[in-house]
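**Student:** Here it is, the structure, as structure tokens.
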Number of protein chains: 2
Amino acid sequence: MKNSCSEEEKILFQLNEIYKQMSPKFERCTGISQSRLELLHKLFEVDEISQTALQKEVNIDSAAVTRHLKQLELKEMVTRRKNPDDNRFTFVKLTDEGREKIASFRSEKEEFIRKVLKDFSEQEQTKLSNMLHRIQNNIEEIQY
Amino acid sequence: MKNSCSEEEKILFQLNEIYKQMSPKFERCTGISQSRLELLHKLFEVDEISQTALQKEVNIDSAAVTRHLKQLELKEMVTRRKNPDDNRFTFVKLTDEGREKIASFRSEKEEFIRKVLKDFSEQEQTKLSNMLHRIQNNIEEIQY
DNA sequence: AGTCAACGATTGACCCATCAAACAATTGAA
DNA sequence: TTCAATTGTTTGATGGGTCAATCGTTGACT
């Protein structure tokens, strides 16, 4: 075993810090929260989709999805309607204005991403991505 | 410019997912939240410390620090007293029971960390840590 | 001495996430 | 057919975080 895992500990700490520092800056730079933008991105790709399908894509709690969508509906970014074939489902769809607004969020986001990964070569990015992927797999294997 | 930054985007996405997946598992495995354990760790190292000093170490909002410490005080993990030389400051200190409990949290945490970084050689860990550090620096430079 | 600015801590309002419970609609089996 | 289980959505309670406003204390300046 290694020396009481100080290097390992540091990495976990860093991952945490990165999230904590990046997340609020992302919101300030792009003008929208990450979760909400993810929701909109999915909607952008698919025309119309049911809430649960959306929830599975974005991987946040269905209660949270409901609340986000209600707010987005108020802002007229999104419309919702029941599936006429099965009234349990509700379909969600971007409005035209919503679709337009996303484009601007998108460019803000891309600029933000570029800043975060400044000075990373493509090779480095691939290496990093692979390592992160391995970490994700390790986490999945952990039994709670 | 790269191809609409899909690889870069993926990395940001991964960092996010890792946090979202790791954080709740950490809590379930160790029995305590990351922030709270960080607070306790600092207290473990320093005997007695003022709240603002603690807040700066842990890098969460002072309002959150106050609320955590109040709860930890209720659970008798921690004691608080005013600095007699300057009543604005409050000093925080682990109780003896608190100190004991942390030991067990610690070993749970170390086991968790080991699982997350399973199959990472020391060399890989160093590489990863360096890259994460560069990302942190990049984030710091971003103007909100 | 009196006043004002600065500072640490606290509180309230808000956002976002979770879980668990409730609800409505559908399905399927006795 | 009826009733129980399942499914998608919603709501309420709770926990964690932020910011802004407030309070009490201190220190410095006149």
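**Student:** Exactly one of these conditions fails for A:Glu108: (1) at pLDDT below 95; (2) touching a Lys or Arg at 6+ places or on another chain (Cβ under 9 Å). Give me its number.
**Tutor:** Tallying (1) at pLDDT below 95; (2) touching a Lys or Arg at 6+ places or on another chain (Cβ under 9 Å), A:Glu108 fails exactly one: (2).
**Student:** Would it be correct to say that B:Glu97 is in a helix (DSSP H, G or I) and open to solvent by 60 Å² or more (accessible area, probe 1.4 Å)?
**Tutor:** Taking the combined requirement at face value, the residue satisfies it.
**Student:** Ok, one more. Consider A:Ser62 against the criteria (1) away from DNA strand C (no atom under 13 Å from the Cβ); (2) open to solvent by 30 Å² or more (accessible area, probe 1.4 Å): it satisfies all of them except one. Which criterion is unmet?
**Tutor:** Condition not satisfied by A:Ser62: (1).
**Student:** Tell me, yes or no, whether the stretch B:22-43 has at least one residue that is of a type in the set (Val, Ile, Thr) and within 15 Å of DNA strand C (Cβ to nearest atom).
**Tutor:** There is no residue in the stretch B:22-43 that is of a type in the set (Val, Ile, Thr) and within 15 Å of DNA strand C (Cβ to nearest atom).
**Student:** Hey, could you check the stretch B:76-100 for residues that are out of contact with any strand residue (DSSP E or B) (no Cβ under 9 Å at 6 or more places or on another chain) and within 14 Å of B:Asp47 (Cα to Cα) and say which is farthest from DNA strand D (Cβ to nearest atom)?
**Tutor:** It comes out as B:Asp96.
**Student:** If you don't mind, another one. Spot the failing condition for B:Phe105; the list is (1) closer than 15 Å to B:Leu39 by Cα; (2) within 14 Å of chain A (Cβ to nearest Cβ); (3) buried (at least 18 other Cβ atoms within 10 Å of the Cβ), and only one is missed.
**Tutor:** Unmet for B:Phe105, out of (1) closer than 15 Å to B:Leu39 by Cα; (2) within 14 Å of chain A (Cβ to nearest Cβ); (3) buried (at least 18 other Cβ atoms within 10 Å of the Cβ): (3).
**Student:** Please identify the pairs in which a residue from the stretch B:61-75 that is closer than 18 Å to B:Phe91 by Cβ has its Cβ atom under 7 Å from the Cβ atom of a residue that is open to solvent by less than 50 Å² (accessible area, probe 1.4 Å) and within 7 Å of DNA strand D (Cβ to nearest atom), counting only partners at least 6 apart or on another chain.
**Tutor:** From residues that are closer than 18 Å to B:Phe91 by Cβ, the pairs are B:His68/B:Ser35; B:His68/B:Arg36.
**Student:** Checking B:Phe13 against (1) more than 8 Å from chain A (Cβ to nearest Cβ); (2) of a type in the set (A, V, I, L, M, F, W, C); (3) farther than 30 Å from A:Glu108 by Cβ, only one condition comes out false. Which one?
**Tutor:** Here B:Phe13 meets the rest and fails (3).
**Student:** When the residues of the stretch B:46-83 are filtered to those that are of a type in the set (Ser, Thr, Tyr) and in contact with a helix residue (DSSP H, G or I) (Cβ under 9 Å, 6 or more places away or on another chain), which remaining residue is farthest from A:Lys20 (Cα to Cα)?
**Tutor:** Among residues in the stretch B:46-83 that are of a type in the set (Ser, Thr, Tyr) and in contact with a helix residue (DSSP H, G or I) (Cβ under 9 Å, 6 or more places away or on another chain), the one farthest from A:Lys20 (Cα to Cα) is B:Thr79.
The values are calculated or read from the model by the stated rules, or taken from the named source; none is laboratory data. All values derive from a computational prediction rather than experimental measurement. Positions of Cβ are generated from backbone atoms using ideal geometry, with glycine treated the same way; all protein chains shown enter the neighbour counts. We work out accessible area using only protein heavy atoms, side chains counted, and drop any ligands, DNA or RNA first. Shrake-Rupley method; radii C 1.70, N 1.55, O 1.52, S 1.80 Å.
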